[in-house]
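Asker: A single structure is presented below for examination.
The values are calculated or read from the model by the stated rules, or taken from the named source; none is laboratory data. Keep in mind that this is a model prediction, so the values were computed, not measured. Here the Cβ positions follow ideal geometry from the backbone for every residue, glycine too, while neighbour counts run over all protein chains shown. Heavy atoms of the whole protein, side chains included, go into the accessibility calculation; ligands, DNA and RNA do not. Shrake-Rupley method; radii C 1.70, N 1.55, O 1.52, S 1.80 Å.
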Number of protein chains: 2
Amino acid sequence: MRAKRIAVARGDAEPDLVIAGGQVFSVFTREWLDVDVAVVDGVIAGLGAYEGGERVDARGQYVVPGFLDAHVHIESSKLTPAEFARAVVPHGTTAVVTDPHEIANVLGREGVEWMLEASENLPLDVFVMAPSCVPASHFESPMSALEPADMEAILRHPRALGVAEMMNFPGVIAATPDVVARLELSDHADGHAPGVMGAELDAYIAAGIRSDHEATTFDEALEKRRRGMWVLLREASNARNLRDLLPLVGQYGPEHCAFCTDDREPDFLFRDGHIDQMCRVAVEEGIAPEAALLMATLHPARCHGLMDRGAVAPGLRADLVLLDELETFRPARVFKDGGLVAAEGRAEPFERAPIPEWVRSTMRAAPVGPDAFAVEAAGRVRVIETIPGQLITHAREEEPEVRDGRVVAVPERDLAKIAVIERHHATGRVGLGLVRGFGLRTGGFASTVAHDAHNLVVVGVTDDDMAACAARLQEIGGGIVVARDGAVRGELALPVAGLLSEEPVEEVVAGLEALQDLLREQGVSDSAPFMTLSFLALSVIPSLKITDRGLVDVDRFELVPLAVERS
Amino acid sequence: MRAKRIAVARGDAEPDLVIAGGQVFSVFTREWLDVDVAVVDGVIAGLGAYEGGERVDARGQYVVPGFLDAHVHIESSKLTPAEFARAVVPHGTTAVVTDPHEIANVLGREGVEWMLEASENLPLDVFVMAPSCVPASHFESPMSALEPADMEAILRHPRALGVAEMMNFPGVIAATPDVVARLELSDHADGHAPGVMGAELDAYIAAGIRSDHEATTFDEALEKRRRGMWVLLREASNARNLRDLLPLVGQYGPEHCAFCTDDREPDFLFRDGHIDQMCRVAVEEGIAPEAALLMATLHPARCHGLMDRGAVAPGLRADLVLLDELETFRPARVFKDGGLVAAEGRAEPFERAPIPEWVRSTMRAAPVGPDAFAVEAAGRVRVIETIPGQLITHAREEEPEVRDGRVVAVPERDLAKIAVIERHHATGRVGLGLVRGFGLRTGGFASTVAHDAHNLVVVGVTDDDMAACAARLQEIGGGIVVARDGAVRGELALPVAGLLSEEPVEEVVAGLEALQDLLREQGVSDSAPFMTLSFLALSVIPSLKITDRGLVDVDRFELVPLAVERS
C-alpha cells in the first residue's frame, strides 16, 4: 500500500483518481493551491500534475478536506447511523466523533456495540467516545448504569477515541473517586461544563479534560480557551451558540476552536445541513472562509488526535469536498476514501443489515391511565419554563389553578402538565410537574426520546390526552406522538431503542414536520418542540428539570417537590 | 494525585508552590494573563489567586512554559546527558526530543539504551526517536547496523516517541522495502529531506513522514509546510538556517513551525544558549515574542504528540520559565516539575552513576603510520570544498601538486589532505581525499566525532601530523586533537564512545576553545572547525563527502575515486 502510494506520488504509477484543475486548500498555510490531487488506495498520494486514473474536472471549484463534527449524538437525528450518514455526507461531512450515550441509556454497553456495528463500512467514519455519565445523574433511571468496566470494553474498539463528555462537572470538581476513575481510563476526555468558570473551571480542567462544547458566551469561551480547552462551537437544534461565540474566532483566530452540532433534529440536518451550515454562518458573521474551514476540518481532527485526516496532504485519507463557492459551502461533490459518495446534495442509500429484534423491543413501561397524571392541590407550585433555542430552563413558582382538588393545566397562562414515565423496567414510576413555554392550547404530545435516560416524557392539557400518548408509544415501541380530544392524531415511530426510525431521512423529516404542524395547530410556538421536550428530562442542565423520580433543582442538584414549602 | 490537584485548583487544598504576581503567557490566545500559577505534585493545578505553599515572587516577570527542542542529537554537545541538561536547563529548556543515532553508530542498540539510562531523573525530559538510518548509508562503516528489530526494542521504551529522522530520502522516494518497513514501525516519523521538492517531496511525505528540519530556503520550507510537514526551523553550530526561514513565520504565522538545534557544539550552548537564543534571533528579525514562544513551547510539544506540556495550563506539567524581558529571553529562573532547577543562568551539577567501562572503550582502529596517508599521483583530482556555516560541500576538481610521485597538501591554495580511518573493527580501512576551506597552514587536526559512523577523521598538511593525531586518539579512547611538527599540541578526550566528555560543560567548552585557538594559530578560519570536520564524513548531505570507504558523490549517491576519470 505505502509503496504504491509513494510510486504514484513520484509519478511512476497510475493514480486511481485525479481531481484536476481545482483550487486546493492548504490548511497549513490557509492558501489556495493551483494543483491536482492524486489519489490511490483511498489515500492522497500527492499534489501536483498527474497522468492517468479517473479524472474529475474541478475547474472553477474549491477542493477542501472532508468536514468533521467534533461532538455529536447521532441518536438526536432520530436516524440509524446509515441514514445519518446519508443525511450528512451530502453536506460534506466525512467523519464524526459521537458519544452514543442515548442508546447506552436504553440498551447499555450492548447498545453502544450495536451502534458501532451499525456504523461499519459507511462513507462516514464514525468514531465513538465511551459514555461517561450513564445515568447522567442519580436522579435519572436508565435501563442500567454504564460502569467503568463497560467503558473500558468500549474503549478497546478500534474506533473508540476516549472518554465522552464528562457531564458530571460537580463530581469532577469535587474529585469524586468514581468520576476520577472514569477519567483515568483514557488520556483523552471530552468535557461538558456549562457556565463553569474561575477556580471550578481550573479544577475541571486539572482533572484532565481538554474540550468543552457548552460555552454560551464570549467570556466563558475565552476563559476556557485561555486555559487550554478546545472550544467546540456548538450549533444544535435547540442550543444555537455559534453566532454568540464567533467573536472569539474573530478576535483571537480559529486556533483551538472547532465546530460541533451535539444534537440536531433530522429536519435541521436535511433542510439546513451539517458542518457546512456552520461554515456558512461563520462567513455571514464576518469570519474568513479559510478560518471557518480550519474549524470544520483540521481542528476537529487534531482535537481528537486524528492525524490521518483534516487536510488535503500526501499520505492522508482522500476525504475531499468540492465546493462551488465559499459562501453557502454547499458541496457539489463529496469523496470518501477516494470514492464519490454524494453529488449535488444527494447520496444513494447504503445497504444495511437488518436491525436485530433486541434493539427494537425496548418499551417496558407499566400501563398508565389518566389517573396516573393526577396532581393533588397543595398551594404554590414549581413550574418549568422553557427558553426558545436553549437547553436551560427557568425555575418559576406560582399559584396553580385547582379543579376538583386537582391541579390542572391553564392554556391561557401557557401552563401545561408534564410527566415522565419510567419505561425500562415497568416500575410504574411517574414524575409529575408543570411546564410553560410550549404554547400548547389543547391536547398533548409525548416522546420516548427524553434525555438522557429516555423514559417516556409527555406534556398535555388534559390527562386523557397524556394517557392516550403514553399508551400509543407503548404500542409502537417508542417514538413521538401528538394527541387531541383523547385520541392520537399523528405519530412517528422510533422503534430502534425508542430513539431511532428505520425509515430514510426524507420520511423521518416528513413525519417529524407533520407532527410539528399538528402541534402548531394546537397552539405550540416552539420551533423544535420535540427537541425541547426531550431535554426537559435532562437533569444536568439548569435550572428545573423533571425525571421519573420527580422535579430536579439542577442548581442545588436535588429532587424537589412540586409544592413549594413555606420556609 | 488527580484528586489532590483538583482540590488545589478549587482552593480547598494547599499548593506546593505558587508563582505569584507574574504575567502568565497563554499559548492558546497569545495573551499575557495577570494570574498566579498554583503547582502541586509537579503539575499545574490552576491559574488564579491561591493561598499557602511556597511563594515565588514573579512581579515584573513573564511566566512562560519550559522550552522544548524538537530535534537534537545530544551527542553533538560532546556532553553526557546530565551535563547537557546542566548546559541547557539554565537556558529554559525542560524537554528535548533526541535522536541518539551518534552513539547508535558506535555502540548499537545498547548505546541507545545507555543514553536512555543516563538521562533518567534529570531536570530535563529526554524523549528519544528510534534511529532509522544506522548506517546513514551503505558507504559508511558503523560498529554495526541498527536493524528494524533494534528499532522496535527502542520504541518499547516509555520515552520513545517514534522513528527518528529518515535520512535515507532516496530510499523513501524509491519505496525501498527495508526503508518502508522501518517507517511502518510507528505512526510518528521525523523527516530529513534537504532540498527535496515537488513530486519527490510528495512521495517522501506520502510515506508517512510529518516533519523536516533540513529546509534552508523560504521556498523549500513553504512547500513543505503547505503539504503538512512540521517545519522545524534549525539553528545548529554549522547549519544556521533560522534567519533564512523566519520570513515564513512572518508571512504565514508560526503555526506548524517549531524550533530545533539539531547539532550544537558545547561552546554555542554555553555562550549563546539553546532555544532561548532562537527566540532572541526571531524577535531581532521582527517576529512577535508571542509567536516565537509558540515555536519554543506548544508547537514542538504538539509536533511530537506530547500533550502533557507546552503550555501553562491546569493539568500540565509545571515546567515553567521566568523571564525578565522578551528580547534576550534569558531565564531568570527555571522550574521543572514544580522544582527550581536553575537560576540566573546556572544549574547545580546533578549526581550521576559512573559510566560503565564498555561505553568508554570503543577505539578499535588498526595502527596507522604516515604511509597510510600516501596518495599516488593521478592527474586531476576531486576536492571537497567546505562552506562556512553549512553542512553541504562543493565538489571541485583540480590539478594537484605532486612531490616524489605523491599528491601533497598545498597550504597556499588552502588545500589539505583528509582521511577517514575505520575505528570499530580494526580493519585498517582508510579513505583518502583533499579538502579546501579550513585555511589550515600547518600541522593537522582530527576527531573521532565523524558523522554518522564516527570513524576517525583527520585533516592535515603533513602525513606525520595526521599520523600523530590518529595515534593519540587511539591512546585516549577518542576525542579531538591538534598537532604540529609531528607532535600533538592539544587534545580534548571524549572517552564516552569517542563522542562525549565525562567533564563538566565548563571544562569541555574551555578544552574545545583552546583547541580552536591552536587551530587559529595554524591558520584555520572556520569558526567551528571540529563541527565542520565531523560532517565531512556524513555521506547523506551533498555534494562530496568522505568515509573510510573513500570519496562519496552524494548527488549521484555513489563512491568515486580521488582521480577524475577522463570521460
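Asker: Any residue in the range B:359-375 that is open to solvent by 20 Å² or more (accessible area, probe 1.4 Å) and either free of Cβ contacts under 8 Å to residues at least 40 places away in the same chain or hydroxyl-bearing (S, T, Y) (or both)?
Answerer: Yes; the residues of the range B:359-375 include at least one that is open to solvent by 20 Å² or more (accessible area, probe 1.4 Å) and either free of Cβ contacts under 8 Å to residues at least 40 places away in the same chain or hydroxyl-bearing (S, T, Y) (or both).
Asker: What residue, among those in the range A:282-295 that are of a type outside the set (D, E) and out of contact with any Gly (no Cβ under 8 Å at 6 or more places or on another chain), is nearest to the other protein chains (Cβ to nearest Cβ)? Can you show your working first?
Answerer: Of the residues in the range A:282-295, the ones of a type outside the set (D, E) are A:282-283, A:286-289, A:291-295.
Next cut, out of contact with any Gly (no Cβ under 8 Å at 6 or more places or on another chain) only: A:282-283, A:288-289, A:292-295.
Details: A:A282: 19, A:V283: 20, A:A288: 13, A:P289: 17, A:A292: 16, A:L293: 14, A:L294: 10, A:M295: 14 Å.
Only one residue fits best here, namely A:L294.
Asker: Whether any residue in the range B:205-214 is facing chain A (nearest Cβ under 7 Å), modelled with pLDDT of 95 or more, under 16 Å from B:M295 (Cβ atoms) and open to solvent by less than 10 Å² (accessible area, probe 1.4 Å) is what I want to check.
Answerer: The first filter runs over the range B:205-214 and keeps only residues facing chain A (nearest Cβ under 7 Å), leaving B:205-208.
Applying the additional criterion that residues be modelled with pLDDT of 95 or more yields B:205-208.
From what's left, under 16 Å from B:M295 (Cβ atoms): none.
So far as the range B:205-214 goes, no, none of its residues is facing chain A (nearest Cβ under 7 Å), modelled with pLDDT of 95 or more, under 16 Å from B:M295 (Cβ atoms) and open to solvent by less than 10 Å² (accessible area, probe 1.4 Å).
Here is a yes/no grid of residues against (1) out of contact with any Phe, Trp or Tyr (no Cβ under 6 Å at 6 or more places or on another chain); (2) within 14 Å of chain B (Cβ to nearest Cβ):
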| site | (1), (2) |
| --- | --- |
| A:R2 | yes, yes |
| A:P15 | no, yes |
| A:I19 | yes, no |
| A:F28 | yes, yes |
| A:V40 | yes, yes |
| A:E83 | yes, no |
| A:E113 | yes, no |
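Asker: A follow-up question, please. For residues in the range B:511-525 being in contact with a helix residue (DSSP H, G or I) (Cβ under 9 Å, 6 or more places away or on another chain) and not in a helix (DSSP H, G or I), which is nearest to B:P266 (Cα to Cα)?
Answerer: Checking each candidate, the answer is B:V524.
Asker: Right, here's the next one. Taking only pairs six or more apart or across chains, which ones have beta-carbon atoms under 8 Å, a first residue in the range B:169-195 that is within 8 Å of another protein chain (Cβ to nearest Cβ), and a second residue that is hydrophobic (A, V, I, L, M, F, W, C) and part of a strand (DSSP E or B)?
Answerer: Listed pairs, sorted by first residue: B:V172/B:M166; B:L183/B:V163; B:L183/B:M166; B:L183/B:A189.
Residues checked against (1) under 28 Å from A:G171 (Cα atoms); (2) modelled with pLDDT of 95 or more; (3) surrounded by fewer than 17 Cβ atoms within 10 Å (Cβ to Cβ):
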residue	(1), (2), (3)
A:P495	no, yes, no
A:L500	no, yes, no
A:E513	no, yes, yes
A:G523	no, yes, yes
A:A528	no, no, no
A:L533	yes, yes, no
A:I541	yes, no, no
A:F557	yes, no, yes
A:R566	no, no, yes
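Asker: With respect to A:S137, determine if the residue is within 27 Å of A:R280 (Cβ to Cβ), among the polar types (S, T, N, Q) and under 21 Å from the mean Cα position of the chain (by Cα). First the steps, then the outcome.
Answerer: Details: within 27 Å of A:R280 (Cβ to Cβ): no; among the polar types (S, T, N, Q): yes; under 21 Å from the mean Cα position of the chain (by Cα): yes.
Spelling it out, it is not the case that A:S137 is within 27 Å of A:R280 (Cβ to Cβ), among the polar types (S, T, N, Q) and under 21 Å from the mean Cα position of the chain (by Cα).
Asker: Tell me, please, whether a residue that is surrounded by fewer than 22 Cβ atoms within 10 Å (Cβ to Cβ), assigned to a helix (DSSP H, G or I) and touching a strand residue (DSSP E or B) at 6+ places or on another chain (Cβ under 9 Å) can be found in the range B:131-146.
Answerer: Taking every residue of the range B:131-146 in turn, none turns out to be surrounded by fewer than 22 Cβ atoms within 10 Å (Cβ to Cβ), assigned to a helix (DSSP H, G or I) and touching a strand residue (DSSP E or B) at 6+ places or on another chain (Cβ under 9 Å).
Asker: Right, here's the next one. Within 12 Å of another protein chain (Cβ to nearest Cβ) and over 15 Å from B:G111 (Cα atoms): is that true of B:V163 in this structure? Even if it seems obvious, please write down each step before you answer.
Answerer: Numbers: within 12 Å of another protein chain (Cβ to nearest Cβ): no; over 15 Å from B:G111 (Cα atoms): yes.
No.
Asker: Let me ask you something else. So, A:L306, is that one touching a residue at least 24 places away in the same chain (Cβ under 8 Å) and within 28 Å of B:E290 (Cα to Cα) or not?
Answerer: Considered against the rule, which asks whether it is touching a residue at least 24 places away in the same chain (Cβ under 8 Å) and within 28 Å of B:E290 (Cα to Cα), A:L306 comes out as yes.
Asker: Does B:L68 satisfy the condition of being farther than 23 Å from A:A207 by Cα and either within 11 Å of chain A (Cβ to nearest Cβ) or surrounded by 24 or more Cβ atoms within 10 Å (Cβ to Cβ) (or both)? Spell out how you get there, then give the answer.
Answerer: Details: farther than 23 Å from A:A207 by Cα: yes; either within 11 Å of chain A (Cβ to nearest Cβ) or surrounded by 24 or more Cβ atoms within 10 Å (Cβ to Cβ) (or both): yes.
For B:L68, the condition - farther than 23 Å from A:A207 by Cα and either within 11 Å of chain A (Cβ to nearest Cβ) or surrounded by 24 or more Cβ atoms within 10 Å (Cβ to Cβ) (or both) - is met.
Asker: Take the residues in the range B:41-64 that are free of Cβ contacts under 8 Å to residues at least 60 places away in the same chain and assigned to a loop (DSSP other than H, G, I, E, B); name whichever of them is farthest from A:I173 (Cα to Cα). Full working, then the answer.
Answerer: Taking the range B:41-64 and keeping what is free of Cβ contacts under 8 Å to residues at least 60 places away in the same chain, we get B:48-55, B:57, B:59.
Right, trim to assigned to a loop (DSSP other than H, G, I, E, B) and you get B:49-53, B:59.
Details: B:A49: 17, B:Y50: 17, B:E51: 19, B:G52: 20, B:G53: 21, B:R59: 30 Å.
By that ranking, first place goes to B:R59.
Asker: Answer yes if at least one residue in the range B:21-30 is open to solvent by 30 Å² or more (accessible area, probe 1.4 Å), of a type outside the set (V, I, T) and within 30 Å of B:V231 (Cβ to Cβ), and no otherwise.
Answerer: yes
Asker: Specify the residue that is farthest from A:G305 (Cα to Cα); the eligible residues are those in the range A:147-159 that are open to solvent by 50 Å² or more (accessible area, probe 1.4 Å) and assigned to a helix (DSSP H, G or I). Full working, then the answer.
Answerer: If we filter the range A:147-159 for residues that are open to solvent by 50 Å² or more (accessible area, probe 1.4 Å), which is where we start, we get A:147, A:149, A:152, A:156, A:158.
The next check asks that each one be assigned to a helix (DSSP H, G or I); those that pass are A:149, A:152.
On the way: A:A149: 24, A:E152: 19 Å.
Of everything passing the filter in the range A:147-159, A:A149 is farthest from A:G305 (Cα to Cα).
Asker: Determine whether the range B:289-297 contains at least one residue that is assigned to a strand (DSSP E or B) and within 25 Å of the chain's Cα centre (by Cα).
Answerer: Just the residues of the range B:289-297 that are assigned to a strand (DSSP E or B), to begin with: none.
The answer is no; no qualifying residue exists.
Asker: I've got another one for you. With (1) of a type in the set (A, V, I, L, M); (2) in a loop (DSSP other than H, G, I, E, B); (3) open to solvent by less than 20 Å² (accessible area, probe 1.4 Å); (4) more than 14 Å from chain A (Cβ to nearest Cβ) as the list, and B:A313 as the residue in question, which single condition is left unmet?
Answerer: (4)
Asker: Right, another one. Could you list all residues from the range B:376-405 that are surrounded by 20 or more Cβ atoms within 10 Å (Cβ to Cβ) and β-branched (V, I, T)?
Answerer: B:V381, B:V383, B:I384, B:T386, B:T393
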